[in-house]
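For reference, the structure discussed in these notes is given below.
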Amino acid sequence: MTAVRPCPTSCSRSAVQAAGTTLLFLDSSALVKRYVSEEGSAEVSAAIDADPNVVAAVITLTEVLAALAAAHRLGRLARASQHGAVQSAFRRAWTDVLVVNVDVALCESAGSLAERHALRAYDAVQLAAALDVARELSMTELRFGTFDAALRRAATQAGLTLIF
């Protein structure tokens, strides 16, 4: 089992204070760009280097691992050893991520967000998790990163500060 710094349901002010002054919430479309070279990779790396206090919904672990496997199948990670090295790098970095757990209340919120913003299920969970963290903090302490157009629109409408 991977050890993580959990944020039970949401990140508390003390978790943020322990991590630093701001949090960078990344969905899988953003986080995977740290490990697979594609458009937006430089921006993601720069954002994480500048603000390494990354928070993500627990489902991001599965989504990124699936995206890395797909990149390997499609030849974007040419050798099996490259895939293994990239996957290991992600798993090591994941231990530093503040993880928002998904519970029934968050899923209920995600269902409402999916309906309101015409989001896919996991995108709605990502948004619900970010909004839950933002409620615990001031909105200025959370920056949201996604490369999904529908999720970006919904996050903007919900008042989140977008980094990309």
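Mind telling me which of the residues A67, A80, A42 ends up being loosely packed, with under 15 Cβ neighbours inside 10 Å, aliphatic (A, V, I, L, M), modelled with pLDDT of 95 or more and farther than 20 Å from E141 by Cβ?
Values: A67 fails: loosely packed, with under 15 Cβ neighbours inside 10 Å; A80 fails: modelled with pLDDT of 95 or more.
Answer to the selection: A42.
Hey, does the range 125-141 have a residue that's touching a residue at least 12 places away in the same chain (Cβ under 8 Å), over 17 Å from L23 (Cβ atoms) and outside any helix (DSSP H, G or I)? No; the residues of the range 125-141 include none that is touching a residue at least 12 places away in the same chain (Cβ under 8 Å), over 17 Å from L23 (Cβ atoms) and outside any helix (DSSP H, G or I).
Can you pull out every residue in the range 63-84 that is over 11 Å from the mean Cα position of the chain (by Cα) and of a type outside the set (A, V, I, L, M)? Show your work before the answer.
As a first pass, look at the range 63-84 and keep what is over 11 Å from the mean Cα position of the chain (by Cα): 65-84.
Answer for the range 63-84, where residues must be over 11 Å from the mean Cα position of the chain (by Cα) and of a type outside the set (A, V, I, L, M): H72, R73, G75, R76, R79, S81, Q82, H83, G84.
Answer with yes or no whether S41 is among the hydroxyl-bearing types (S, T, Y), under 18 Å from the mean Cα position of the chain (by Cα) and under 18 Å from A129 (Cβ atoms). Considered against the rule, which asks whether it is among the hydroxyl-bearing types (S, T, Y), under 18 Å from the mean Cα position of the chain (by Cα) and under 18 Å from A129 (Cβ atoms), S41 comes out as no.
State whether the residues of the range 95-106 include one that is under 22 Å from R153 (Cα atoms), touching an Asp or Glu at 6+ places or on another chain (Cβ under 7 Å) and of a type in the set (V, I, T). So that I can check it myself, show each step before the final result.
Pass one, the range 95-106, residues under 22 Å from R153 (Cα atoms): 100, 106.
Cutting the leftovers down to touching an Asp or Glu at 6+ places or on another chain (Cβ under 7 Å) gives us 100, 106.
Applying the additional criterion that residues be of a type in the set (V, I, T) yields 100.
Looking for residues that are under 22 Å from R153 (Cα atoms), touching an Asp or Glu at 6+ places or on another chain (Cβ under 7 Å) and of a type in the set (V, I, T), one finds at least one in the range 95-106, hence yes.
Just to be sure, is D96 touching a residue at least 24 places away in the same chain (Cβ under 8 Å) and over 21 Å from A149 (Cβ atoms)? Yes.
Restricting to the range 83-123, name every residue that is in a helix (DSSP H, G or I), hydroxyl-bearing (S, T, Y) and exposed (fewer than 13 other Cβ atoms within 10 Å of the Cβ). Steps first, answer last, please.
Step one: filter the range 83-123 for residues in a helix (DSSP H, G or I), giving 83-94, 104-117, 121-123.
Within this subset, residues satisfying the condition of being hydroxyl-bearing (S, T, Y) are 88, 109, 112, 122.
Correct list: S88, S112.
The values are calculated or read from the model by the stated rules, or taken from the named source; none is laboratory data. Model, not experiment: these values are computed from the prediction. All Cβ positions, glycine included, derive from the backbone under ideal geometry; neighbour counts span all protein chains shown.
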